[in-house]
Amino acid sequence: GRAMECEDGVIVLEEKPSEEFQPTEEEVRNYAEWLGMDPEADADLIYLAREGLKAPLTDGWRPCQNAEGEIFYFNFETGQSSWDHPADETYKSLVQDKKREKREGGRRGEAAAPASNVPYDTSAKPRTSRDPR
């Protein structure tokens, strides 16, 4: 069928399975900076950049290459096309959230743990995950 041909000269690429794809440290660092991280200050968030680089394409998205050899992403279900990997936006906002959490958590000291709203009842029996039969 001709369904998989987008436009003239466009090739639909096969996506590499993420197990096979191991981004280099440099790629991870560059992507981290692109996502808005500071590789030093946000070293604890670098895992997000590694995850984002390995994020699979979701429903209907496929990597394509145009006649000029440039890679873009095309969604065969919605007809959308994008220069950026669809996961990029997700990870960008995730990074912003995490950084905000970190800033606020750091300012408030250790108040981030939701201990205060759990009434501590000493008479309550400890719940075991499974009752012994």
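Numerical summary
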| quantity | calculated |
| --- | --- |
| Of all residues making up segment 29-56, the number that are surrounded by fewer than 19 Cβ atoms within 10 Å (Cβ to Cβ) and not β-branched (Val, Ile, Thr) | 17 |
| Residue that is farthest from residue 12 (Cα to Cα), among those in segment 94-113 that are at pLDDT 90 or above and surrounded by 12 or more Cβ atoms within 10 Å (Cβ to Cβ) | 99 |
| The one condition in (1) within 15 Å of the chain's Cα centre (by Cα); (2) closer than 22 Å to residue 97 by Cα that residue 23 fails to fulfil | (2) |
| Condition check for residue 63: more than 16 Å from the chain's Cα centre (by Cα) and not hydrophobic (A, V, I, L, M, F, W, C) | yes |
| In segment 66-77, residue nearest to the chain's Cα centre (by Cα) [restricted to those that are of a type outside the set (A, V, I, L, M, F, W, C) and either open to solvent by 60 Å² or more (accessible area, probe 1.4 Å) or more than 26 Å from residue 25 (Cβ to Cβ) (or both)] | 75 |
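The values are calculated or read from the model by the stated rules, or taken from the named source; none is laboratory data. Since we're looking at a predicted model, the values are computed, not measured. Here Cβ is always computed from backbone atoms with ideal geometry, including for glycine, and neighbour counts include all displayed protein chains. Only protein heavy atoms, including side chains, enter the accessible area calculation; ligands, DNA and RNA are left aside. Shrake-Rupley method; radii C 1.70, N 1.55, O 1.52, S 1.80 Å.
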